[in-house]
Structure formats: C-alpha cells, structure tokens
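Rule-based calculations on the coordinates, nothing more; no lab input. Since the model is a prediction, treat every value here as computed from it, not as a measurement. Glycine also receives a Cβ, built like all others from the backbone with ideal geometry; neighbour counts cover every protein chain displayed.
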Amino acid sequence: MEPIIRLDGAGFRYDHLQERPEAEWALRGVHLQVGSGEYIAVMGPNGSGKSTLAKLLNGLLLPSEGKVWVGGLDTGLEKNHPLIRQKVGMVFQNPDNQIVGTTVKDDVAFGMENLGVPRQEMLKRIDQVLQQVGLRGREASSPHHLSGGQKQRLAIAGVMAMRPEVIIFDEATSMLDPGGRREVLDAITELHRQGTTVIHITHSVKEAFQAERVVVMADGRIEWSGAPHELFHRREKLTRWSLEVPLPLELKERLRRRGLPIRHEITGTEELVESLWKLLSRD
Amino acid sequence: MEIVIQGLTYRYMAGTPYERCALADVDWTIPSGSFVAIIGGTGSGKTTLIQMIAGLMTPTRGHVLIGGIDDFSRLRGRVGVVFQYPEHQLFEETVAKDIAYGPLNLGLSQEEVNYRVEQAMGWVGLPRELASRSPFHLSGGQMRRVAIAGVLSMQPEVLVLDEPTAGLDPAGQRELMERMYTLHRERSMTVILVSHNMEEAATYAERVLVLYQGRKVAEGQPVDIFSRHRSLKEWGLEAPEAPRLADRLNRRLDPPLPDGLMTVDDLEEAILARWEGRPR
Amino acid sequence: MSRLNHPVIGQYIPADSFLHRLDPRAKLVFVFVFMMIVFLAKNAAGYSLLVGVALSGVLLSRIPLPMILRGIKPVLYLIILTALLHLGMTRGGDVWWELGPITVYEQGVVQATVISLRFLILVLMGTLLTLTTSPMELTDGLERLLCPLTRVGVPAQDLALMMSIALRFIPTLWEEMDKIMMAQRARGADFDSGHLLRRVKSYIPVLIPLFISAFRRAEELALAMEARGYRGGKGRTRIRELRWKKEDTILLVVLAVLSISLWWLRG
C-alpha cells in the first residue's frame, strides 16, 4: 500500500544561512515512509532536526533537496497546500501560542472556517470533537481559563475537526505538568486507536515507548529506527544521543554487570519486577 | 538564615464573591543552609508560597520571618528567585549587562559588580567569552544559565528555584541541578526547589513539603514522603520511579527489601545485598 | 494576577437583558447616529427626550447603576472641569453670583448645564454599548457593517480577525507582564519611586522582554494558523453568525422617530 507520508532524500537548510557556502543543513538526506494508521515517535536532542522534519511534513517548510509526498501529493507545489494542510494536522509545543479563538468553540471552528465547511456541519463536528477530548460544556469558555493540558486538548480538537489523516505532535507535551502530559498522551492513544496516523515528536523515552516505531534523529539525519523494545537494549546509544535512560533499563544493566542472571531480553518494569522476584525468592 | 513561616494565608480578591483561598494556614520552618523541596500539583499554592517567601506578595494573614526579620525592605537581595522559564526576562544588550542588573540595583560599586558577574558566570558554567554577546543569540540552555546567573550575582543567602529544569534535555537538567547543589554545599546557601519532577526532589532535597489545594498536607524526609504511594496519588502526585519499582517488588517479595530506596543506586545496592546474602 | 481580577472600565458584563440580546450591528448604528443627533437638541424639550432615551437604556440594560457609574467615573472629572470653565468664562444674561474676581452669569450656568449634560449622555451611551456587547460581538458587528467596503479594497474579514486575535491575547500578555514585573522586582527593580523619567526608565526591563515575547508568540501563532489552513479571508465560512431580529428593527425605528422629533423640537 502507498504510504501516507514519504520522504525521498529530503533535506532542508534555512535561507538566511545560504549565503555562506558551509551553511548548515538542519536536515539532510532523509528517507522515511509512514504507513496509514501508524504511530511513530521521533526522538533526538535539541537541534537534531526533529522540528524541521515535522514542518516539512505539511508544507510549512519546503525541502531544499529531495521530495516530500503526502498522500501522493508533492509538498513542493503550492497548489497542493490546502489539501495537504487538511490531511496533516499539527499540534505545537506552546499551548498559548496556537489558540486563535476567543472562546473554545471559536477556536475549534478556525480550521474548518479556513476549509470552508458549512456552518451546520461545523456545529455538528464541534460538538463531536469536544466530546472526544472531554471539553464538552466548555464551548463558551475563554481559552485563558483553561489549564495547560486542556489547552492542548483544545488544540487537538481543532485539528481533529478538520478530519485529518495524520496528526503531528511537535513536542506537544514538553511544557505541561505530569497531569497535563497524561491527558495529552491518552488523547494520542485514543486517536491512534481510531485509525489516525500519529507522529509524536518528543524528548521523553517513556512517551516514545507508547509508539509502534521509534525514529531517532541526530545532526539532521535519521540515526536509528525500529521497534521501541529494541531501543531497550541500547543503553549506550541512548546516552550517546543524550536521551534519558529509563530506570528499569538502567537497573537491569547495572545488576547484570554485577553478576545477577537477569535475561537481556527484558523490556519493561513488569518483566523486571517478575524476574527479580523469582531470583530473590529462590530458596 | 532560618526561614520561619507561620499561619501563612493568602486569599485572592478578598471581600468579593470571587474570593479564593490560594494558601491556608501554612506553618513551616526551613533550617539555615538546607536544601528543601516544595511539591504539589497545579493550583496547590506552590507559586503563591514562594512569592511570599521572596517578599513579592503580602500575605492576607500570618508571616514569613527570614533570619528573624520580617521587613523585606531590609532583606533586599538576600532572597533570590529563579522563576519558571527565567530566560523570558532577559532584556539587556549583553550577557554581562543582564547579569549585572541585580547587583547594580543593590547599589554596589562597578568594580564589585564586575567581579560578581564573572563569578556568577563561572557558577553556572558560562564561558567567559560570552560576556559581551547578546543573550538573545544564545541557545535555550545558555539563555537559562544567563538568567540564573542574573539571580546568583546578587549572592542571595536563600535561593528559590521554580521548576528550574523545565524544557531542558536530560543532560542539561542533570548538569544544572548538580551545579545548584554544589553551590548550596560550598556556600551553605539555603535552596528551596519547587518542582513537579519527583526524581529531582528525591535526589537533592533533605526535606519535602507537600501542598494540596493551598494546604500543607505532609512534610518530612523524602524517604517518608515518597513511600506514601496512596496519599501521593490522592494529591495528584506520583512517587519517583525507584521507590515505585521497590514498592511493586515488595508487594510480592517476602521478606521485603528495606524501606527508603529513593534512587537507582539504592535499589542496586539493596538488591545486590539480598542476592549475595541469599541462602544457597 | 491581581490586576486581572479587577473589572476594566467599560468592560463587558454578561447578562440577559433586552440590550444584551440586540444585534451588535443595530447597537453600533444606534450609538453612532445618536452621537450625532445629540447636537440637534437645542432646548429643554430636546434634552428631556435625550435624557429619557438614555435612562431607558440604563433600565433596559439590567446592569446595576453603581457599575454603570463606575464606568463613567473617570470621565466625570473631565465633565466637572469643563462645566466649571464654562461657569467662569461665559458672559451674558443676569449676574447670579459674584465671588471675588469671578462673576457667574445666567448664561454661564445654562452653558455649563448643557455642555455637561450632552457630555454625560454621550459617555453613558458609549458605556452602555460596551457593557452590554462583548468585544467579539463588537468585532463581528463592525466586520459586517464594513463588509460593503470590501469591494473598494477594505479587508474587513482580515481586520476583524486581527482584532479578535488581539482580544484573545490581551489577558495572556497582561499575565505575562505581571510575571516579568515580579521577576525583575525580585532582582531589585523599583517601579514605584523616583521622578517620572526614572519611573519610565525602570519599566525598560519589563517592556523589552514583553515585546520579545509578543513577537515570539506572533511568529508561532502565524505558523499555527498556516498549519490550520489559513489563507486570508477568501473562501472562508464563519461559525459566528449575527441574527437580525424584530427588536433590532424596532430599535432602528425608534432611532428614526427620535431623530425626526429632535429636528422638530429644535424650534
């Protein structure tokens, strides 16, 4: 099946740096395919090109080399942009700086208004998406009175109302408290369950583990790509990519090094607890 | 300087129908030169409390005594506050000028100010050649350091840190906390850390205060606070991962591992001790 | 945060009254025309009519009088000052009082009364408009009224969007300013003492970060709007709709009758 998103050797460098011959590439030679309905996490340290990648996926930035295809449409052609923006929605990092409307209802409507959706249809969809993100009954609230997590859910509702096939979360949890993070992560899981393609850009290894596939970026290139549990055996690499090492992984590695016979294949807290219990209570 | 907080209460818009209690009857004593943490969910009153500790807000009732003094005009510069995302307050043309803002407000001589700027840059690990650069052309992590240096240059005896590591990557978070911890030890500076990162509180704080809906609901050593898994959940908090893992293991292990395993180091040692001491 | 909690002068007060329910276009047209026909009143009869209309407005708004008065208060000093000037300066008619160098003539008293009454009525009507119409409704009303001008190149929809975004960000920036002031105060800033120039200067460490933040927000918002498919006013549908009701037509009829009566009474 044709992937919903395809990058063929895509690269990007910022205009103002181009005068210099050694201008830095924010992204270089990226090949990536995202299947319809897939849930991908993109990780990497600051400046690794994660956000540039995200902006290439819906034509906010155009590739300086290579091609980016969304549902068979070339993002390099301006005439494709309206359709691409409808197919690929985006939730940004700062909850305050992506809300346009003076009320919850106005904000959800903004994207649909741009698409020219008839008013009756808008009202129907607003009701539906606010129900889904748990903000029904807050239609008339000012966004200013919402918590961080609620603001991000509002942003998600605004994107959902445009009926996109893909939603990109560009570090959408990084400015939230633990409660807000949970709210957004739950919303992401639910979206994926309903068949939306999800691309989640994050610093957090813990969050990335919710995805089906993890892509690690470094210096504008894809360093590694694979299933999250495979990442679990790569402690040294996580450190090298300056990503946090999850506690169970750290503990497992340390105990193995000191001679405890723990299996290498363990991939989560549950399994580790199980295995430690068996080891320690053996008569 | 010991900090004594007595019956501290703050009501927003007192006397109107919108009256809301942000803080109610909080008592707490922070010993001189200690490292403490205030934890609590959104709306728990953390921010209100630190604003009053810093003398930036007048309590509705109760008071804050710092080194026995409750007149904040006499405490100028002795309590430093690093607010959330402090890099959003940078305004000067150069890094050095921005760091000098606080000391200049204290009325110090130019010579003293220059010395302090250089010293503060060292404390936060900013290379000296950045002094004449514009703070707005630095990376996010470096801007954060400039902002923190701008508070440290006042040489406060009490330093309040409100979510100091928010938005930094894991390596940056660790480095910043280590630097603050070193300063605390070397200069016996009292540090009050406000954080929703429980790992940080468990690793660095000697005592932890838990606020919930404007009230003090618990206070004690991290070991005691973070073993109360059920209460923490009720207050909208979560224990750090190490004690959580220990708890899950102990629910099945007989006899359980000892109490008070706060970090991955603690866990490693306790498990190893059990493994080596097992009957063969 | 403290400053946010105080109602701003003339700020919208939600309620369900006849005035609140009126279409903002009808209210805007009424107030606009009213402000011009006030000058038609030339005698007691005319002024009684205007006062009657203003008082009916107060009653129909269902807003407690003290709240309306609070909205007018800042302008009250200006009105009193103007009245006093007229009292002292206007000559003509009998001499009513003599207080040292100041002589008050009959005409002075009349002028002072007329001017302050006119002023008061104008301010009252403006206040009633903003008290009973939310800023968003005002924006929508203006947009629709300006709509015919789109043909001569006035981008009514974009202007309205700009206004509503400004409204959306006022509380955010307000709160941000409080935060920055608090942070700079913690670094020893003093915003309250010294002479004027010094006080203005003390705000530089607040204003620069505030501007930088506003620009950053604007940049991010523009990107977010583009990502949500914004391409200017063309081809957009609208969620907000204005409904012209019977009451709105009645209001305009009242306006017409009022204008004609004032013209007549002008004598």
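Tabulated data for the structure shown
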read-out: Long-range HN-HN contacts of B:Val160 with modeled amide H, under 5 Å; value: B:Gly80, B:Val81, B:Val82, B:Ile192
read-out: Loop-exposed GluC sites (Glu not before Pro) per DSSP, neighbour cap 13 Cβ within 10 angstrom, longest uninterrupted part of chain A; value: A:25-264
read-out: ³J(HN,Hα) computed for each position of region A:246-257 - Karplus, 6.51 cos²θ - 1.76 cosθ + 1.60, integer Hz, glycine/proline x; value: x, 4, x, 5, 4, 5, 4, 4, 5, 5, 4, 5
read-out: Choice from B:Arg174, B:Arg78, B:Arg248 showing the highest fluctuation, given a GNM over chain B with Cα pairs closer than 10 Å; value: B:Arg248
read-out: Cα centre as origin, Lys/Arg/Asp/Glu Cβ charges: the protein assembly as shown dipole, Debye; value: 1820 debye
read-out: Global form of region C:116-267, assessed from the alpha-carbon gyration tensor, a/c cut-off 1.5; value: oblate
read-out: DSSP-defined beta bridges in the protein assembly as shown - what % are antiparallel, rounded to 5; value: 55 percent
read-out: Model label zone, B:Gln84; criterion: amide N under 12 Å from point 7 Å along Cα-to-beta-carbon; scope region A:94-119; value: A:95-96
read-out: For B:242-250, mean number of other protein chain Cβ atoms within 10 Å; value: 3
read-out: Exercise: per-residue mean of other protein chain Cβ atoms within 10 Å, C:167-175; value: 4
read-out: Neighbour-limited loop hits for chymotrypsin sites (Phe, Trp or Tyr not before Pro), region C:200-241 (at most 15 other Cβ within 10 Å; DSSP other than H, G, I, E, B); value: C:Tyr203
read-out: Alpha-carbon centroid distance for the pair region B:117-189 / region C:62-88, whole angstrom; value: 53 Å
read-out: Other-chain or far-sequence residues with amide H under 5 Å of A:Leu27's (modelled H); value: A:Phe12
read-out: Long pairs among A:Lys206/A:Lys237; A:Lys79/C:Lys234; C:Lys73/C:Lys179, criterion Cα-Cα beyond 18 Å; value: C:Lys73/C:Lys179
read-out: Interchain or long-range residues, amide H under 5 Å from A:Phe169's placed H; value: A:Val91, A:Ile199, A:His200, A:Ile201
read-out: Rounded Å value of the spacing that divides the Cα centres of region A:60-106 and region A:138-184; value: 17 Å
read-out: Separation of the C:Val95 and B:Asp25 label points, Cα + 7 Å toward Cβ, nm; value: 7.3 nm
read-out: Inter-centroid distance (Cα atoms) of region C:177-219 relative to region B:1-53, Å; value: 25 Å
read-out: Sum of -39500 (n - 2.57) over DSSP H runs of 4+, divided by residues of chain A (222 nm, nearest 500); value: -11000 deg cm²/dmol
read-out: Chain C: DSSP helices with Cα axial extent of at least 27 Å and average Kyte-Doolittle hydropathy no lower than 0.0; value: C:65-89, C:106-132, C:156-186, C:204-227, C:246-265
